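Some notes on the structure that comes next.
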There are 2 protein chains.
Amino acid sequence: MKNIEELSVNTIRVLSAEAIQKAKSGHPGLPLGAAPMAYELWTNHMNHNPADPEWANRDRFVLSGGHGSMLLYSLLHLFGYGNLSMEDLKNFRQLGSLTPGHPEYGHTVGIEATTGPLGQGMAMAVGMAMAEAHLAAVFNKDGYDIVDHYTYVLGGDGCMMEGISSEAFSLAGTLGLHKLIVFYDSNNISIEGSTDIAFTEDVTKRFEAFGFQTLEVKDGNNLAEIAAAIEAAKADTTRPTMIKVNTVIGYGCPAKQGKASAHGEPLGEENVAALKEYLEWPCKEAFTVPQEVYDHFNEAARKKAAVEDEWNVLFEKYRKEYPDMAEKWDAYYNGYDLSKLFDSEDYWKKAEKPEATRSTSGSILNEIKQLMPNLIGGSADLAPSNKTNMKDAGDFSKDNYAGTNLHFGVREQAMAAIGNGLALHGGLKAFVATFFVFSDYTKPMARLSALMNLPLTFIFTHDSIGVGEDGPTHEPVEQLAAFRSLPNFCVYRPCDRTETAAAWYRAVTSKDQPTALVLTRQNLSQMQGSSKEALKGGYILEDSKKEVPDAIIIASGSEVELAVNAKAELAKDGVDVRVVSMPSMEAFEEQTAEYKESVLPKACRKRVAVEALSDFGWYRYVGLDGKVVSMTGFGASGPAASLFEKFGFTTENVVATVKSVL
Amino acid sequence: MKNIEELSVNTIRVLSAEAIQKAKSGHPGLPLGAAPMAYELWTNHMNHNPADPEWANRDRFVLSGGHGSMLLYSLLHLFGYGNLSMEDLKNFRQLGSLTPGHPEYGHTVGIEATTGPLGQGMAMAVGMAMAEAHLAAVFNKDGYDIVDHYTYVLGGDGCMMEGISSEAFSLAGTLGLHKLIVFYDSNNISIEGSTDIAFTEDVTKRFEAFGFQTLEVKDGNNLAEIAAAIEAAKADTTRPTMIKVNTVIGYGCPAKQGKASAHGEPLGEENVAALKEYLEWPCKEAFTVPQEVYDHFNEAARKKAAVEDEWNVLFEKYRKEYPDMAEKWDAYYNGYDLSKLFDSEDYWKKAEKPEATRSTSGSILNEIKQLMPNLIGGSADLAPSNKTNMKDAGDFSKDNYAGTNLHFGVREQAMAAIGNGLALHGGLKAFVATFFVFSDYTKPMARLSALMNLPLTFIFTHDSIGVGEDGPTHEPVEQLAAFRSLPNFCVYRPCDRTETAAAWYRAVTSKDQPTALVLTRQNLSQMQGSSKEALKGGYILEDSKKEVPDAIIIASGSEVELAVNAKAELAKDGVDVRVVSMPSMEAFEEQTAEYKESVLPKACRKRVAVEALSDFGWYRYVGLDGKVVSMTGFGASGPAASLFEKFGFTTENVVATVKSVL
């Protein structure tokens, strides 16, 4: 006869196996192997309150191996999160259910992060731990550890193989994030077979190299051993901890345990039956949970609710003793209102002289920081070039978690995922930065930012052949198309100070969408016609006198000046052109059909787009009769001016192209 | 008075500093610090022949820290590679010069790989070492070590921070690639300052964890110490070696050495002068090399030519003793001619029943492998899903370098860069594979494949919401746009067996361009109208009876059947539609204007494109008057059929959309 703890662990296993079997799709391997560590952690160590999933000081738990989602859904059901019902478990992986194939943040109550792309959950957890460390440094006072929680993350061999986890954990070690506790579900199995074929490294030693405390649980089914490891992890107050837990993939299923076949497909009816027999499961009926198990989890949930109650009492005392800090807390968590800044004429003023939009961005960033102390971010070792350093904001480091200038090192992937983690944690407004050509490295994480509706800001500088001497490896061509095609993601490529202000306005006021600012290395002239209208994504910068212009030139960023100059040249030949600045296709597409028609009237088919990047995506606006002055290949190494000349970004070529469509 | 070796090392330093100064742009830090190790390696250890840069058995050298390009250009000039002249060095970073900002493969003789995006050179070197190990296993006979060379790679802290290097070196350790020797130029400086701010890990310990032999050179200026380390590295015949060389960034420039400011900007005239004084440089005139230095390098080059001469003699004996092996060698290095296969009707035959294009691809891959033994590749732990396993081809492992099925582990980035390394080495035809949604991780490397004109094949399966239950984290939406916008890259998304055959034809016959095959998870019907014409990228699959069709439906992959069904439905209402299958926009754009007009006549503006992905890029073919049936957001978790229904990929919706444009 199993005791209540074994029975509870097996409940997670059986529910997971049954739901996956019913869906005829899913990954039983992880839930069966990792059920004990998850049970022990959630029940006896983690501070969380199913009745208040948003509690600011809850411990965070990220399942980096998102394919094991049934592990989470089983726990959420048993703890009563969002009343995730047995019916929901029966609808696992069905359209519209609360139990999709991989955990989705914002979709199912209690899910802290969307996971699935292996390794990203690991890096997001590092971001959450950084957020905790920073907020604790900002808000805690003697006797008031208002911010004091752990971040737990669980992943397997796949998460450990992905480079992003090395990037993130190397940084976590440097930063001494001791509230970060990593569970390594080590079962020596990968989809193609034993990990021996591709992964024989000493993972524990790698984590020691990163500066982690490393622990090992020899038997992943031994709850006492797991409990001791968690306690030892908490006891280390200078280093993050990695706990290697030796498990058997698909544990409990005689025909499949320890085999690759247990990973990603249902066990099969017979094997589910065999699993129940092996585990001495008491219930005949599928999707049945012994009442004592529900009672056990309810009891645990009650205890946990009490922990939040204590915190609430503490916080009320804090609010009385430190009213301005409490006010600050509210602002951090509800967001700062910058309407004063954005309504001021000064914010939209023109710059006197030519300026690189990266420099303009840097000064606006610092303006915003003055009003938004919870703005935090940095660059992948390119801050001096990205112009992302915030004056007097301090450097975030092991010795100064209060700093808001983050130094990610040359780690674009971890940086972007950490940005997601900072945004997921709450209380902070985050940004990340690198060269635009390296935005490619951040794309898989930016995709999750968009999928999770996180208002993370990406600052991408050196946005074209304007990079110059560094040459094609550093000159973006297709990156803008890549991000413009990403759903729920807004890209701004401003042409001057005013449009850069609009881009930052969009980024800072966004509540549910990531924004990328695509900025120049080289100086740009200030456009007379640029205005706040840039918030609409596309607008008339210089109009033609005719109701239907002879032609329309559409451009973005550094090419807007070319369009304006071409208009002047064409006027000499009696060609009356409209110039449309299009800093953001996404913002433009949000406008009414009437507005779009007013900017780009269907009646005018003679259209030319100018952008020193790929033409991919531009035909939406120039159609079958228009042309695009663009890059057709990669760039080259040379002074920027010589490159614009070589690749045809000259007034002459734009004029000639317009004439060719007339 | 400096001896000839010190003088030679300083020549590399001075030439580098002078060229960067003249260009007013560049990175002096690395060349000044790493000159001694590069000099010692190239002069006294590396087998290479400036007179024959293509020698098959040369040692490979990759400068992963590509920003230090002047280190390479100085060496290539001094060794007389491609007669890289002093004039070329004076034109460093100028448009059209042989000395671009970063080393470019195929542009400058003696450059083994294009580098710049940090870490990728490390992984490409691992690929080269894998190629060497494999070819040695295939071709070497007792007394005939025809393939027997080392692969050296040099990189700094940035390369070590990037996750891709952890991915690649973890695999290198597993595979025991003892001919791989990594130089870690350790100077503790990054762009944002000391590496302490972001990178305090014990790199040596990390490499031990990977299974490397680790060595340290305490004084990076000590040639004897460097020589000893290289010898010790070669002496280990079971493990790859990492040599940590402690250097001073910008060594020799009193005002800047050891500082971040030495990294990425010219030293300044005064500091160049100070450098020369510090190094006791004998030449007043800039860009002047003491004759004895030239003589010294010429002598070294002569000795190295002799090594190739010996090899040539050995190879001629080998050719006599093993004529069929020599013939095989020629085929490996000149490429196999598969025209017999491709000219056969059998190759283009229709499949009898519905089939997933990933499965079709798997069978074609195996057909090709029969005729192309030097085909090598694998998946990032998804071979069973990607259908990339080659029967009876053996698994490449430490114990069997003769195998051609590669197991990359869950390491998409390293996989793609290793694919580049395999292609760069010569003698092999390589492919890599993963889920299409994870193609995002391979994009930065695919970009280098395209930039280097490497005919690497990317197999991307699970290409849409057809993925089904795994949900949005696993359902590509924007990836196709990302790769279509990449210059010199060809994407094929076939609709059935015949088009999959065309895609493989394109991939296998490509000499200078990477190709991606984008394939379905789910079964697809075989299209009656599909044909070899698919090689043209876009063609008429089912025509209308009218010269100018009432409308044109353009589709790719799994949506072609929808287009065909819609045509049948519309016919009932007297609407006579043409169906165009567009498996490859890139191949279509290569066709003549006449051909393109014949497929998509300007006279017909009523066009609808159907693709279960982002509409981004499709307006090029449907124009301002057409519409696109596409994904506007991310997918969802559920059975594939329910998703196609939910997101409007139904005959009804396509019919309705066509009617809406009539």
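The values are calculated or read from the model by the stated rules, or taken from the named source; none is laboratory data. These numbers come from a predicted model, not from an experiment. Neighbour counts run over all protein chains shown; Cβ positions are idealised from the backbone, glycine included. These area figures cover heavy atoms from the full protein model, side chains too; ligands, DNA and RNA do not enter into them. Shrake-Rupley method; radii C 1.70, N 1.55, O 1.52, S 1.80 Å.
Some values worked out for this structure:
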| read-out | value |
| --- | --- |
| Viscosity 1.002 mPa s, temperature 20 °C, Stokes-Einstein D of chain A from Kirkwood C-alpha radius, µm²/s | 80 µm²/s |
| FRET efficiency, A:Ala273 to A:Leu314 (Cβ-Cβ, R0 51 Å, nearest 0.05) | 0.50 |
| Bridge type composition, the protein assembly as shown - antiparallel percent by DSSP, nearest 5 | 15 percent |
| Selection from B:Asn653, B:Leu562, B:Tyr539 lying farthest towards where the dipole of the range B:536-661 points positive, charges on Cβ | B:Asn653 |
| Per-residue ³J(HN,Hα) for the range A:141-158, Karplus 6.51 cos²θ - 1.76 cosθ + 1.60, θ = phi - 60°, Hz, x for Gly and Pro | 10, 3, x, 10, 7, 4, 10, 7, 9, 9, 10, 10, 9, 10, x, x, 4, x |
| The range A:318-372: Lys pairs at Cα distance under 28 angstrom, eight or more positions apart or on different chains | 11 |
| Farthest positive-ward along the range A:339-518 dipole, Cα basis, beta-carbon charges - from A:Gly377, A:Phe435, A:Thr388 | A:Gly377 |
| Fraction of alpha-carbon pairs over 15 Å apart in the range A:300-343 - percent | 60 percent |
| C-alpha long axis of helix B:29-44 to longest principal axis of chain B, angle in ° | 80 degrees |
| Residue of chain A nearest the A-to-B rotation axis [by Cβ], rounded angstrom distance | A:Gly163, 1 |
| Cα lying deepest toward the dipole's positive end in chain B, options B:Gly623, B:Tyr492, B:Pro290, charges on Cβ | B:Gly623 |
| Label-to-label distance, nm, for residues given as B:Arg302 and A:Asn44 (7 Å Cα→Cβ offset) | 7.8 nm |
| Solvent exposure of the range A:9-150 as accessible area per residue, Å², 1.4 Å probe | 22 Å² |
| Amide proton proximity set for A:Ile243, modelled H, under 5 Å, gap of 5+ | A:Val182, A:Phe183, A:Tyr184, A:Leu215 |
| Pseudo-label separations to other copies for A:Ser363 - Cα-to-Cβ vector, 7 Å, nm | 6.7 |
| Share antiparallel - DSSP beta bridges, chain B, percent rounded to 5 | 15 percent |
| Exercise: per-residue mean of other protein chain Cβ atoms within 10 Å, A:22-28 | 2 |
| DSSP beta bridges in the range B:339-518 [antiparallel fraction, %, rounded to 5] | 5 percent |
| C-alpha long axis of helix A:357-371 to longest principal axis of chain A, angle in ° | 50 degrees |
| Carbon plus sulfur fraction of accessible area for the range B:339-518, probe 1.4 Å, in percent | 49 percent |
| At 0.890 mPa s and 25 °C, Stokes diffusion of the range A:1-123 via Kirkwood alpha-carbon radius, µm² per second | 170 µm²/s |
| For A:Tyr595, inter-copy label distances in nm, listed shortest first [label point 7 Å out on the Cα-Cβ vector] | 4.4 |
| Label distances, nm, A:Asp148 versus same residue in remaining copies, Cβ-directed 7 Å point | 6.8 |
| A:Glu352 versus A:Thr650: modelled label distance in nm, points set 7 Å from Cα along the beta carbon direction | 3.4 nm |
| Test item: A:463-473 mean partner chain Cβ contacts at 10 Å | 6 |
| Peptides B:510-522, B:450-462, A:436-448 ordered by average Cβ neighbours within 10 Å, highest first | A:436-448, B:450-462, B:510-522 |
| The range A:536-661: C-alpha gyration tensor shape, a/c 1.5 cut-off, then a/b vs b/c | oblate |
| Whole-angstrom gap from the range B:617-662 to the range B:551-573, using each part's C-alpha centre | 12 Å |
| Hz values of 3J(HN,Hα) by residue in the range B:192-208 - Karplus curve (6.51, -1.76, 1.60), Gly and Pro given as x | 7, x, 4, 5, 4, 6, 9, 8, 9, 4, 8, 4, 4, 5, 4, 5, 4 |
| Nearest 10 degrees, 0 to 90: helix A:4-23 Cα axis against chain A principal axis | 50 degrees |
| Cα gyration tensor shape of the range B:4-305, rounded if a/c is under 1.5, else prolate or oblate by comparing a/b with b/c | oblate |
| Check: the range B:539-643 dipole with +1 on Lys, Arg Cβ and -1 on Asp, Glu Cβ, in debye | 300 debye |
| Buried solvent-accessible surface, both chains (B, A), 1.4 Å probe, Å² to nearest 100 | 8500 Å² |
| Phi-based couplings in Hz for the range B:52-69 (Karplus 6.51, -1.76, 1.60; Gly and Pro marked x) | 9, x, 8, 3, 4, 9, 5, 5, 9, 10, 10, 8, 5, x, x, 4, x, 3 |
| The protein assembly as shown - mean residue ellipticity at 222 nm from DSSP helices (-39,500 (n - 2.57) per run, n ≥ 4, rounded to 500) | -13000 deg cm²/dmol |
| Cα gyration tensor category, rounded, prolate or oblate, for the range A:114-236 with a/c compared to 1.5 | prolate |
| Probe 1.4 Å, accessible area per residue of the range B:605-662, Å² | 33 Å² |
| Within chain A, longest stretch clear of exposed GluC sites (Glu not before Pro) (DSSP loop, no more than 16 other Cβ within 10 Å) | A:55-279 |
| Simple spin-label estimate for B:Ser660 and B:Met1 in nanometres, 7 Å along Cα-Cβ | 8.7 nm |
| Dipole magnitude of chain B, debye to nearest 20 (Cβ charges: Lys/Arg +1, Asp/Glu -1, about Cα centre) | 1180 debye |
| Average other protein chain Cβ within 10 Å of Cβ, residues B:514-527 | 0 |
